[in-house]
Amino acid sequence: MDIVVVGSVNLDQVIEVAALPRPGETVAGGPVRRLGGGKGANQAVAAARLGAAVALVGAVGSDPDSERLRAELAAEGVAVEHLAAVPGPPGQAVVLVDRQAENCIVVSPGANAGLGPAAVAAAGPLLGGARVVVAQLEVPLPAVLAAARLSRGTFVLNPAPVPATGLPAELWPLVDVLVPNRTELAALAGVAEVTDPAHAARLAAALPCARTVVTLGAAGALVCEGGAHELVPAPPVRAVDTTGAGDTFCGALAVALAEGRPLRQAAGFAVRAAALSVQQVGARAAMPGRGAVAAQF
């Protein structure tokens, strides 16, 4: 297996709005779209569309929505043998998208909260044989720790969302590549915000991880490795919905790393794939295939 993703599977309920609501404000929205989502599932789909052999370790519920989510993943070519079924509904997310393609998201974990170390351990041979293992933090930390310990390839952590207490000390030495966005980097560094790429580079250099790739939205990504840093610019595109851009980036980065590319080249490939992914509504709608990335750039 090229890539194993350990992470969440959600049913996204996406609503387009003119502007994101302020505290206490009610706004009118468009029709509700029910789409497959979750950081783990999205990153697995992104990698599969780019040609990798991908398996997902996670949990869904025991209802028709969960069966739909499982079937959609299988149809994308993601191996779902280690997608456990637990009582209750799947994880769910409410996603608001405004006219500037910005979003805000509320996630209810649902079945994702039932993913424990035992379920991850059952996938031990799969994890140990993968070239790249990718995890996020929409599933319980003990499951992520178990996956990191079982990984024998490159372990990539997308620290989303960052726990209020930060990352546990025992996780840091297991992370080969950290992939935060600006908000997550600020949370890990204990600052209010990341002001610019130079500030991001200083904060990343202070983290206990040798290789960090900070996603910067329309500005691209910042690669920090070996005490040096380099900004990888994003190509200009007309963004419609940025909801799945980070997941596309992580999936594409994993594909390039599994192919043996250096981190800078892998980040460049991921930036281009992410740029294509923001041109339709929905986290997965515009996730590109390999040919689309090559043709566009």
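No lab work stands behind these numbers, since they all come straight from the coordinates. If you're wondering where the values come from, they're calculated on a predicted model, not measured in any experiment. A quick note on method: Cβ atoms are made from the backbone with ideal geometry, for glycine too, and the neighbour counts reach across all protein chains shown.
A few remarks follow.
- Measuring between their Cα centroids, the stretch 150-183 and the stretch 209-261 lie 15 Å from each other.
- Label sites at Q280 and A294, each approximated as a point 7 angstrom past Cα along Cα to Cβ, lie 2.1 nm apart.
- Alpha carbon convex hull of the chain, projected area averaged over orientations, nm²: 14.4
- Mean sequence separation of contacting Cα pairs (under 8 Å, at least six apart), scaled by the length of the chain, corresponds to a relative contact order of 17 percent.
- Three principal axis extents describe the C-alpha atoms of the stretch 147-297; from largest down they are 41, 35, 28 Å.
- Footprinting exposure proxy for R22, R131, R34 (fewest neighbouring C-beta atoms within 10 Å first): R22, R34, R131
- In Å, descending, principal axis extents of the Cα set of the stretch 27-72: 41, 27, 14
- V17 paired with R264, simple spin-label distance in nm, labels 7 Å along Cα-to-beta-carbon: 4.2
- The stretch 1-102 pair-distance distribution - Cα-Cα, 5 Å bins, rounded %: 3, 13, 21, 19, 14, 12, 10, 5, 2, 0
- On the beta carbon distance between A239 and E81, with R0 = 35 Å, the FRET formula returns roughly 0.45.
- Rg [Å, one decimal], Dmax [Å, integer] - the stretch 239-297, C-alpha atoms: 10.7, 32
- In whole percents, the pair-distance distribution calculated for the stretch 85-131 from its alpha-carbon pairs, binned every 5 Å from zero, is 5, 17, 15, 14, 14, 14, 12, 8, 3, 0.
- Cα centroid separation - the stretch 5-57 against the stretch 75-93, whole Å: 14
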